[in-house]
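All of the numbers you see were taken from the coordinates with simple rules; none came from a lab. Keep in mind that this is a model prediction, so the values were computed, not measured. Because the Cβ atoms are built from the backbone with ideal geometry, glycine has one as well, and the counts that use them run over all protein chains shown.
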Amino acid sequence: MVFTVRSLGLHGISGYPVLAECDLSAGLPAFTIVGLPDAAVNEARDRVRSAIKNCGFTFPVSRITINLAPAHVKKEGTLYDLPILVGILAAGGQLQVKQPDCAFLGELSLSGQLRPCAGMLPMALRAKEEGIRALFVPEDNAPEATLAQGPDIYPVRDVGQLVRHLSGEELISPARPWVPAPQDTALPNFSQVKGQEQAKRALEIAAAGGHNILLSGPPGSGKSMLARRLPGILPGMTRQEALEATQVHSVMGLTSPEHPLIDVRPFRSPHHTISSMGMAGGGSNPKPGEISLAHQGVLFLDELPEFPKEVLEVLRQPLEDGQIQISRASGTVTYPSRFMLVCAMNPCRCGWYGHPSGRCRCTPAEVKKYLSRLSGPLLDRIDLFVQVDALDFDELAHRQPSQSSATIRARVNEARSRQRERQHGASNAGLDRDGLDQFCGLDEDGLRLMKGAFDRMGLTARSYDRILKVARTIADLDGSPGIQSFHLAEALQYRPPEYLRR
Ligand SMILES: Nc1ncnc2c1ncn2[C@@H]1O[C@H](COP(=O)(O)OP(=O)(O)OP(=O)(O)O)[C@@H](O)[C@H]1O
Ligand SMILES: [Mg+2]
Ligand SMILES: [Zn+2]
């Protein structure tokens, strides 16, 4: 007898429907899984066998064949333990599954307990599309699965409980939709940073428009300190943005049952020893990299010139497209990677190049070599450049607390919602050609100012567009419908310092 159980699989960060067909037939006892199982799926045989026995059922003395369809797609992971177990029990008549539109997912322990698996949200979202009405998942995955707002989610603790539910003996109640509890995660606050008004202003603009930014300056001037305070002023996330970020974290197994929704923008700060694959994603079982974990949030590269050139090179295409494609023999997966790039660096190895004190002891050749790691195309994608100079004694000794992150964030949120309304959700940094023409027009004064700057600073077409976008954000922070020439004048201050110009 053949019994078919519905389940789901994971490809990249999307779910797809899987059918587990279980056939029990006469012949020498055997247990085979077909449908391109990986090692973990194959080991399901041992877990399922033990779980069935340890939960008081009989493991059928038959020839058992499990086909995981579609058979040409590679199946990975431990999530098929539960559908296989349900299939074997149902095919052998030990269990009745009356509901046709239900699906099962989950890893089993040898004693029949369910263990959580990664990628629950994307699979639950797909289940919703497939018209599945009831989804049985491990207890710890249930809160996340409810985020899909699709099928009824049944949290399952162990096999016994599931069997009692299916036989109508003792029903499991569907999980209540997860809603965030008010949380007050204490993020580092801008009020702790003394002075550095220009850098703070630039970070506020960056957060408001989603602009890439680079902070450079001597050691100890507070670049890392400033960048790490960015999460506290980033604009709130829409539900759609939060779901997208959560899906990436979910497939990496980085979501928690207590707070499964990534509703605070991610802030990723990989160390400069990271590999290209860690940055971009990939591997034989492809996984998202740092640029995708930073999706809808910030990728912070501290000590930028220390990153190997090839690691920085992989950023180019995703910075442009907002996604990355990874090709493998088994096919191509696409991961989203729309992030804001924040970089910090010293201008030379000793850190004091260009400082009025003349402390820098690097030769021009050394400075050149140090900066040569930063490719032009990467710098071309940065909208705001800020020089962060060391504070003088008066500023440091100044006791008055600075503006708090909450105050700055309120302005950022307002500016962002203006962009959303005007540009159908796009941030200023994400404007395309049409958007630039439509929303970033200059008046006569502005055009004159821009022309002067173009000739004087030797701007390129690309930097021209970037200046316009930054000016648009400055106007949004100011609540101004049009870009005024003083908005543009401020935008022109954030051009690269001389040593970074080519
Ligand atoms: N503006 C400031 N207000 C208060 N403290 C500051 C300020 N700038 C620097 N500091 C203090 O100096 C320390 C060093 O700053 P930080 O690590 O951010 O410097 P940096 O510019 O990243 O230096 P490096 O180039 O060596 O990485 C901070 O942890 C902080 O204690
Ligand atoms: Mg630092
Ligand atoms: Zn130096």
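Things to note:
- Counting only DSSP beta bridges with both residues in the chain, the antiparallel share comes to about 50 percent.
- Paramagnetic label zone (point 7 Å from Cα along Cα-to-C-beta, residue 420; backbone N under 15 Å) in the range 266-303: 296-297
- Its relative contact order, with pairs defined as Cα atoms under 8 Å and 6+ residues apart, puts the range 2-167 at 24 percent.
- Three-way shape call for the range 254-342 based on the alpha-carbon gyration tensor, with the a/c threshold at 1.5: oblate
- Rounded Å value of the spacing that divides the Cα centres of the range 160-237 and the range 342-381: 31 Å
- Integer Hz, Karplus 6.51/-1.76/1.60 couplings in order for the range 406-419, x for Gly and Pro: 4, 5, 5, 4, 4, 5, 4, 4, 5, 4, 5, 6, 4, 5
- Residues within the reach of a label modelled at residue 73 (point 7 angstrom out along Cα to beta-carbon, backbone nitrogen below 14 Å), restricted to the range 327-349, are 331-334.
- Shown here for the range 1-99: GluC sites (Glu not before Pro) in loop regions (DSSP other than H, G, I, E, B) with at most 15 other Cβ atoms within 10 Å, namely 43.
- For the pair residue 34 and residue 130, label points projected 7 Å from Cα toward Cβ lie 2.1 nm apart.
- Neighbours of residue 43, meaning other residues whose beta-carbon lies under 11 angstrom from its beta-carbon, give a summed charge of -1 when Lys and Arg score +1 and Asp and Glu score -1.
- Contact order for the range 149-207, expressed relative to its length and based on alpha carbon pairs under 8 Å spaced 6+ residues apart, stands at 26 percent.
- Electrostatic tally near residue 198: other residues with Cβ closer than 11 Å to its Cβ, Lys and Arg +1, Asp and Glu -1, net -2.
- R0 of 30 Å, Cβ-Cβ distance residue 396-residue 361: FRET efficiency to nearest 0.05: 0.75
- Whole-number percent relative contact order across the range 268-342, with pairs defined as alpha carbons under 8 Å at least 6 apart: 36 percent
- Rounded to whole Hz, the Karplus (6.51, -1.76, 1.60) HN-Hα couplings of the range 94-108, x for glycine and proline: 8, 8, 10, 10, 8, 6, x, 9, 10, 9, 10, 8, x, 8, 10
- Anisotropy class of the chain from Cα gyration tensor, a/c 1.5 cut: prolate
- Put a dot 7 Å past the Cα of residue 276, heading toward its Cβ, do the same for residue 99, and the two dots end up 4.8 nm apart.
- Bridge type composition, the range 107-230 - antiparallel percent by DSSP, nearest 5: 40 percent
- Net charge in the neighbourhood of residue 12 (other residues with Cβ under 14 Å of its Cβ; Lys, Arg +1, Asp, Glu -1) is +2.
- Less than 5 angstrom separates the built amide H of residue 136 from those of 103, 104, 105, 154, all sequence-distant by 5 or more or on a different chain.
- Förster radius 56 Å - calculated FRET efficiency between residue 285 and residue 443, Cβ distance, rounded to 0.05: 0.55
- The trypsin sites (Lys or Arg not before Pro) of the range 1-98 meeting both criteria, a DSSP state outside H, G, I, E and B (loop) and at most 12 other C-beta atoms within 10 angstrom of the site's C-beta, are 98.
- Global geometry of the range 345-502, whether rounded, prolate or oblate, following the gyration tensor of its Cα atoms and the 1.5 cut on a/c: oblate
- The range 467-502 and the range 81-128 have Cα centres lying 55 Å from one another.
- The range 58-75 residues near the modelled residue 26 label - backbone nitrogen below 11 Å, point 7 Å along Cα→Cβ: none
- Qualifying GluC sites (Glu not before Pro) in the range 112-218, DSSP loop, other Cβ atoms within 10 Å at most 14: 169, 170
- Using the Karplus relation 6.51 cos²θ - 1.76 cosθ + 1.60 with θ = phi - 60°, the per-residue 3J(HN,Hα) values for the range 302-309 come to 7, 6, 3, x, 7, 6, x, 4 Hz, with x marking Gly and Pro.
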